[in-house]
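Here the structure comes first, spelled out in structure tokens, and everything after it is commentary.
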Amino acid sequence: MRTYASVTAQKVSTILLITSAILLLLIGKINEGNLRTIKNHFTDLSSYILSIVGIPINSINKTTNQINSLISIYSDNKSLNLENKELYKWKDLGQRLLVENQELKKLLNAVKQVPYNFITAKVIANSSGSYIKTITLNVGAKNDVIIGSPVVNNWGMIGRVIEVGRNSSRVLLITDINSQIPIYFEKSKHKAIVIGKNSDLLEVKYLKPRVNLINNERIITSGEGGLLPRGLSLGLYLKTLNSENNKVKILPTRGWDHFDNLNVILFKN
């Protein structure tokens, strides 16, 4: 699009050229001998004037092109930012789905050794406090969950169901002070009861005196009383935790306090 400045400059240039031509004709009539010299001077003068007139036009055109380039760059940058945000959104979703898929695979592997049906549940509430440690799951009676159903993570048992609604259930964690579970030591075969202490460790009760326990041996549910299935890992016996007093302490199942998806074993006593 032609600007006002370019139109004006063109008009000025035309007027100058016409004027120069008229002057050259007049001078040619007066003095034919010096016509070529005068024409050359006028040509130089006209070129100089036209170059001066053209400076602002070139500057305006250059500035206009630069502005258009900046607008184009800004528009492209804005589009790229939007695309990047969209890509990051999908990347984040993909990573979350990958992590969830890996967790579900681990849960599946964790219950392969247990000959019972199970259902995968999501933790929808965590009521763990100083005096009670429970969580709420999004499965209930309609999913065949019953009171006493053991709940496991990737590494072992972390609690058992104590309340059941139609669509949800409440789980008492193994670390709660009200939790008491019959167990045996996997290698030494000694039987006892493991109780919660509202802390990061469990305690063994009713263990025969002067028994030899093996470092790093697993604590397994014994199934005595028929309340829980036999063979669920509950924790580890470590000598480093039991070097100061007579109380036998157990490190609970790994990840007992970090959970999102869990398996409920559909065990009927």
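The values are calculated or read from the model by the stated rules, or taken from the named source; none is laboratory data. Keep in mind that what you see is a predicted model, and the values were worked out from it rather than measured. We place every Cβ from the backbone using ideal geometry, glycine too, and count neighbours over all the protein chains shown.
Count of the range 154-177 residues, restricted to those that are farther than 20 Å from Gly255 by Cα and surrounded by fewer than 16 Cβ atoms within 10 Å (Cβ to Cβ), is 4. When Arg218 is tested against the conditions (1) among the charged types (D, E, K, R); (2) assigned to a loop (DSSP other than H, G, I, E, B); (3) more than 30 Å from Ala141 (Cα to Cα), the lone failure is (2). Taking the criterion of being at pLDDT 75 or above and surrounded by 13 or more Cβ atoms within 10 Å (Cβ to Cβ), the residues of the range 123-136 that qualify are Val123, Asn126, Lys133, Thr134, Ile135, Thr136. Residue pairs, Cβ under 6 Å, 6 or more apart or interchain, first in the range 142-165 and over 19 Å from Gln180 (Cβ atoms), second among the basic types (Lys, Arg). List them. Pairs that qualify, where the first residue is over 19 Å from Gln180 (Cβ atoms) and the partner is among the basic types (Lys, Arg), are Lys142/Arg166; Asn154/Lys106; Trp155/Arg254. Please go through the range 232-269 and pick out each residue that is surrounded by 16 or more Cβ atoms within 10 Å (Cβ to Cβ) and on the phi > 0 side of the Ramachandran plot. Once the filter is applied, which keeps residues that are surrounded by 16 or more Cβ atoms within 10 Å (Cβ to Cβ) and on the phi > 0 side of the Ramachandran plot, the range 232-269 yields only Gly235. For Arg210, the stated conditions do not hold, so it cannot be described as among the charged types (D, E, K, R) and surrounded by 14 or more Cβ atoms within 10 Å (Cβ to Cβ). If you check Lys187, Lys208 for being in contact with an Asp or Glu (Cβ under 6 Å, 6 or more places away or on another chain) and either assigned to a strand (DSSP E or B) or not aromatic (Phe, Trp, Tyr) (or both), only one passes: Lys187. Listed conditions (1) under 29 Å from Ala141 (Cβ atoms); (2) assigned by TED's automatic domain parsing to the domain that holds Val248 are all met by Asn167, apart from (2).
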